[in-house]
Amino acid sequence: MTIIIKDETFAGKVLHELNLEFASETVTVKDIITERVLKEVENYNNQQPEYFKGLIQPSAAEKTLNGYKLKARKKIDGEKQVYTALDAFQKNGFFVLIDNLQSENLEQEVKLSENTSISFVQLTPLVGG
């Protein structure tokens, strides 16, 4: 099942969209965050563009208007990024809204359908691997 993940501002302005594939119709919030972060890291590592556009700012990267710019183009550690993202979620670094309802914890189960709306609202800059 393919779901569109959106990054939004508090006002609801969409900043970024990403398509994610899930094998199961029932996933946890942890699964959603993990898949999102790993997909962003995979996209960056495969193409190594000038800017990394993702939920978590890689360490040794500078935040710019176009995304995060790494001083030297190198592969990003996906596992480290996932760990930082899960930790940030638990510390309210960002919200995950599923069908406009705020997720409460990482183990919360979500039944996905083609109409499921998933949005990330980031509160603070996040730095990871």
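What follows draws every value from the coordinates through simple rules; no lab data is involved. None of the values given here were measured: they were computed from a predicted structure. Glycine also receives a Cβ, built like all others from the backbone with ideal geometry; neighbour counts cover every protein chain displayed.
How far apart, in nm, are two points set 7 Å out from the Cα along the Cα-to-Cβ line at Asn45 and at Ser113?
Each label point lies 7 Å from its Cα, and together they span 3.6 nm.
Could you pull out every residue, at least 5 positions away or on a different chain, whose amide H is within less than 5 Å of the one on Gly54? Hs are placed 1.01 Å off N in the peptide plane, and Pro or chain starts have none.
Tyr68
Take a quick pass over the chain and tell me how many lysine pairs come in under 19 angstrom between Cα atoms, counting only ones 8 or more apart or on separate chains.
For the chain, the number of qualifying lysine pairs is 27.
Compute the acute angle (0 to 90°) between the alpha-carbon long axis of helix 78-90 and the principal axis of greatest extent of the alpha-carbon atoms of the chain; round to the nearest 10°.
Value to nearest ten degrees: 50.
Provide the convex hull volume over Cα atoms per residue for segment 2-128, in Å³.
101 Å³
Residue-wise, which Karplus ³J(HN,Hα) couplings in Hz belong to segment 109-118, taking 6.51 cos²θ - 1.76 cosθ + 1.60, θ = phi - 60°, and x for glycine or proline?
Once θ is set to phi - 60°, the couplings for segment 109-118 become 7, 10, 8, 8, 9, 5, 9, 5, 10, 10 Hz.
Sort the following peptides by mean Cβ neighbour count (other Cβ atoms within 10 Å, averaged over residues), highest first: 55-67, 15-27, 74-86. Please list the in-between numbers first.
Details: 55-67: 16.1, 15-27: 12.8, 74-86: 18.3.
By packing density, highest mean first, the sequence is 74-86, 55-67, 15-27.
What spacing in nm lies between the two simple spin-label points modelled at Ala60 and Ala23, each 7 Å away from Cα in the Cβ direction?
Taking the simple label geometry, Ala60 and Ala23 are separated by 3.3 nm.
For Leu106 and Asp87 in one chain, what is 0.36 nm times their gap in residues minus the Cα-Cα distance, to one decimal in nm?
5.8 nm
Tell me the angle of helix 29-47 to the major Cα principal axis of the chain, expressed in degrees between 0 and 90 and rounded to the nearest ten.
30 degrees
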